[in-house]
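Peer 1: Dropping a structure here in structure tokens format, bear with me for questions.
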Amino acid sequence: CSNVTIDNVRRNISSFFSWLEEEDYILKSPMRRIHKIRTKTVVKNIISDEGIEKLRDNCKEKRDLAIIDLLYSTGIRVSIEFPGVKALDDIDFEGRECVVYGKGDKERRVYFDAKAKVHLKEYIDNRTDNNSALFVTLDAPYDRLKISGVEIRLRKLGRKLNLERIHPHKFRRSMATRA
């Protein structure tokens with residue numbers, strides 16, 4: 001086991017004993033004397049500017065291009081905030097902003113760039129369905145696009161272009177590094 005794994009186990013056991021102590025099941029936690037295991041912090045890779053352009057250039061669907069630009073320009077979490085942009089009405093194209101709900105249901109305003117605005121508008125204008133969701137599946141019955149759908153689509157596109165491990169959170173990390 002790596003040191004990270006061992007420290008995760010230590011942290012879980014420590015939490016359990018802390019709870020036992022708080023609930024007065026035990027007098028003192030035996031984990032107090034066991035210290036954190038030092039681990040190396042690995043710098044995570046980001047998507048290069050060239051990689052982003054490759055992704056944009058190779059999108060066959062306007063929806064995928066809109067998703068890439070929205071994720072890259074806002075840095076929203078695909079698992080929590082992405083589904084929070086529930087409807088087309090949640091987007092203010094004039095102010096280039098939308099409201100998302102983050103961790104703990106906290107409302108947060110995010111801003112997107114001009115490229116994202118253009119690609120989002122193109123995608124919305126070319127849609128033929130009546131679903132009020134912002135992103136929908138490509139085939140009928142045009143249901144709301146799920147998180148797994150976004151993840152699968154991005155991974156598939158990344159593999160096709162020989163880009164290293166493309167996944168939604170990498171867009172968040174890349175945006176933060178760029179900022």
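Every read-out reported here was derived from the displayed coordinates using simple, explicitly stated rules and does not represent laboratory data. As the structure is a computational prediction, the values presented were derived from the model and not from experiment. Here the Cβ positions follow ideal geometry from the backbone for every residue, glycine too, while neighbour counts run over all protein chains shown.
Peer 1: If you average the C-alpha positions of segment 15-81 and of segment 110-149 separately, how far apart do those two centres end up, in angstrom?
Peer 2: 25 Å
Peer 1: OK, next. So which trypsin sites (Lys or Arg not before Pro) in segment 1-46 end up in coil per DSSP with only 12 or fewer other C-beta atoms within 10 Å?
Peer 2: Working: sites: 10, 11, 28, 32, 33, 36, 38, 40, 44; in loops: 28, 36, 38, 40, 44.
Filter output for segment 1-46: 28, 36, 38, 40, 44.
Peer 1: Given a Förster distance of 45 Å, report the FRET efficiency between residue 93 and residue 164 from their Cβ-Cβ distance, rounded to the nearest 0.05.
Peer 2: Working: r = 34 Å, r/R0 = 0.74.
E between residue 93 and residue 164, to the nearest 0.05, is 0.85.
Peer 1: Test of understanding: what is the full-extension gain from residue 57 to residue 79, defined as 0.36 nm times their sequence separation minus their Cα-Cα distance? List each step's numbers first, then the result.
Peer 2: On the way: separation 22, 0.36 × 22 = 7.92 nm, distance 2.53 nm.
Extra length available between residue 57 and residue 79 comes to 5.4 nm.
Peer 1: Straight-line reach from residue 60: which lysines fall under 20 Å, measuring Cα to Cα and dropping same-chain residues less than 8 apart?
Peer 2: Of all the lysines, those that pass the test against residue 60 - Cα under 20 Å, at least 8 places apart if same chain - are 115, 117, 121, 146, 156, 160.
Peer 1: Between residue 146 and residue 45, what length comes free when the chain is fully extended (0.36 nm per residue of separation minus the Cα-Cα distance, one decimal in nm)? Intermediate results must be reported in sequence, preceding the final value.
Peer 2: Working: separation 101, 0.36 × 101 = 36.36 nm, distance 2.53 nm.
Result for the pair: 33.8 nm of gain on full extension.
Peer 1: Between 118, 150, 100, where does the largest GNM mean-square fluctuation fall for the chain, given springs only between Cα atoms within less than 10 Å?
Peer 2: The residue that fluctuates most here is 118.
Peer 1: Here is a follow-up. Students often get this wrong, so try it: which of (i) 14.3; (ii) 9.7; (iii) 11.0 is mean projected area of the Cα convex hull in nm² as calculated from the structure shown?
Peer 2: (i)
Peer 1: If one takes the longest principal axis of the Cα atoms in the chain, at what angle in degrees, from 0 to 90 and to the nearest 10, does the Cα axis of helix 3-22 lie?
Peer 2: Rounded to the nearest ten degrees, it is 70.
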